[in-house]
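The values are calculated or read from the model by the stated rules, or taken from the named source; none is laboratory data. For clarity, every value in this text was computed on a predicted model and none was experimentally measured. Here Cβ is always computed from backbone atoms with ideal geometry, including for glycine, and neighbour counts include all displayed protein chains.
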Amino acid sequence: MSEQKQKSSIDLNNLKAGGFIKERGKDLFTVRLRVPGGRLSVERLKKIAEVAEKYGQGAVHLSVRQSVELININFKDFDAVVAELGEGDQRVASCGARIRVPTACGGCEYNPNGLVDTQASALEVDRTLFGTPTGHHKFKVGFAGCPFDCPKSAINDVGFQGAVLPELHAGDCIGCGLCAKSCSDGALVMGDDQLPHFTPEKCTWCGDCLKVCPTEAWQAAKRGYTVRIGGKWGRYPLVGTLFATFLPESQVVEFIAEVLAWYVEKGTGRGRVRLGDIIIQEGPESLLERLRNKFPESVVAATIAPQIINTQVGTRRIPQ
């Protein structure tokens, strides 16, 4: 086959769906690698560096979504790049209208602020839902281990944030006041009885009181994920809003699948539209009702639509 015929047979849409993204340079592509949760073994990292040096121009790009991207790869080298990376060890990521590789912080594995195992959640989502077509647009998932929200979970289509609801076992409290001193939200104050007094509506569910208590008088009444839906960045940013609290880690995949099913159904006939824009058009109650049927103990009674952030110039385009 001539070089010209070989070029004309390439389907750029299929390449993009498979993580091969056309660059400005002639015949050059960026190859986006799949790194769920942003974690790579040293051995994998060495292999990626070796392949980048051999087929690229000696550099890689670290994307904001925790992916490693091989840049300046000639399309003729695609098969060799994939083969040398080892398809089973280092797979290529995806683009297009499908579920993307989930991002995550370190979670509770080694981060002292972590409340849930975000790495395990990200790997499970990647294993079971990665690449699932949406039919409408990209679908991003992110996991934060605590309310510091370093991965910015609220600007994902579905964002998860670790949370713990504290509960005081007064009989074990020695009145040291460490919990109140550690509470930056003012949810805990020491009373005249030398016991901490808790104001639940001020609590951000960070769990700091549990961590500093020397007698373990503070215990977790609930633990799980705070879930916000409808976020995105880009030209028309949205911040996702609260749809569930203390969702068990074991229900993460099922929860995302239910949100996706609603998105696929409601987005039909609307073209290229993100989840948050559909929630704004439909109102949040439709999605809340669907989720409530399967997750009654976690889904909130009411919420607001994703919030528009007017950071761009020009008149905001409202999807129909």
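Of the residues that sit in region 81-95 and are modelled with pLDDT of 75 or more and loosely packed, with under 14 Cβ neighbours inside 10 Å, which one is nearest to SER41 (Cα to Cα)?
Within region 81-95, the match that is nearest to SER41 (Cα to Cα) is GLY86.
Say whether the condition of being modelled with pLDDT under 95, loosely packed, with under 14 Cβ neighbours inside 10 Å and closer than 15 Å to HIS137 by Cβ is met by at least one residue in region 194-215. Walk me through how you get there before you give the answer.
If we filter region 194-215 for residues that are modelled with pLDDT under 95, which is where we start, we get 194.
So of that shortlist, the ones also loosely packed, with under 14 Cβ neighbours inside 10 Å come out as 194.
If we keep only those that are closer than 15 Å to HIS137 by Cβ too, we end up with none.
Looking through region 194-215, none of the residues is modelled with pLDDT under 95, loosely packed, with under 14 Cβ neighbours inside 10 Å and closer than 15 Å to HIS137 by Cβ.
Considering only region 98-119, state which residues are more than 18 Å from ALA154 (Cβ to Cβ) and in contact with a Pro (Cβ under 6 Å, 6 or more places away or on another chain).
Correct list: ARG98, VAL101.
If we only count strands (runs of 3 or more DSSP E) wholly inside region 20-108, which ones have 3 or more residues that are touching a residue at least 12 places away in the same chain (Cβ under 8 Å)? Break it down into steps so the answer makes sense when it comes.
Details: elements: 20-22, 28-32, 60-62, 68-74.
Here the list reads 28-32, 68-74.
Please verify whether region 309-320 includes one or more residues that are surrounded by 13 or more Cβ atoms within 10 Å (Cβ to Cβ) and under 16 Å from THR134 (Cβ atoms). Step through it out loud before you land on a result.
Going through region 309-320, the residues surrounded by 13 or more Cβ atoms within 10 Å (Cβ to Cβ) turn out to be 309, 319.
If we keep only those that are under 16 Å from THR134 (Cβ atoms) too, we end up with 319.
For region 309-320, residues surrounded by 13 or more Cβ atoms within 10 Å (Cβ to Cβ) and under 16 Å from THR134 (Cβ atoms): present.
Any residue at all in region 267-282 that is in a loop (DSSP other than H, G, I, E, B), more than 26 Å from GLY234 (Cα to Cα) and assigned by TED's automatic domain parsing to the domain that holds HIS136?
To start, the set of residues in region 267-282 that are in a loop (DSSP other than H, G, I, E, B) comprises 268-274.
With more than 26 Å from GLY234 (Cα to Cα) added as a condition, the list becomes none.
Scanning region 267-282 turns up no residue that is in a loop (DSSP other than H, G, I, E, B), more than 26 Å from GLY234 (Cα to Cα) and assigned by TED's automatic domain parsing to the domain that holds HIS136.
Give, as residue ranges, the strands (runs of 3 or more DSSP E) completely inside region 154-229 that count at least 3 residues that are aliphatic (A, V, I, L, M) and without any contact (Cβ under 8 Å) to a residue 24 or more places away in the chain. Can you show your working first?
Details: elements: 158-168, 188-190, 196-198, 218-229.
Per the criteria, 188-190.
Could you go through region 268-275 and let me know if any residue there is under 16 Å from the mean Cα position of the chain (by Cα) and on the phi > 0 side of the Ramachandran plot. First the steps, then the outcome.
Let us first name the residues in region 268-275 that are under 16 Å from the mean Cα position of the chain (by Cα), namely 274-275.
Now restrict to residues that are on the phi > 0 side of the Ramachandran plot: none.
There is no residue in region 268-275 that is under 16 Å from the mean Cα position of the chain (by Cα) and on the phi > 0 side of the Ramachandran plot.
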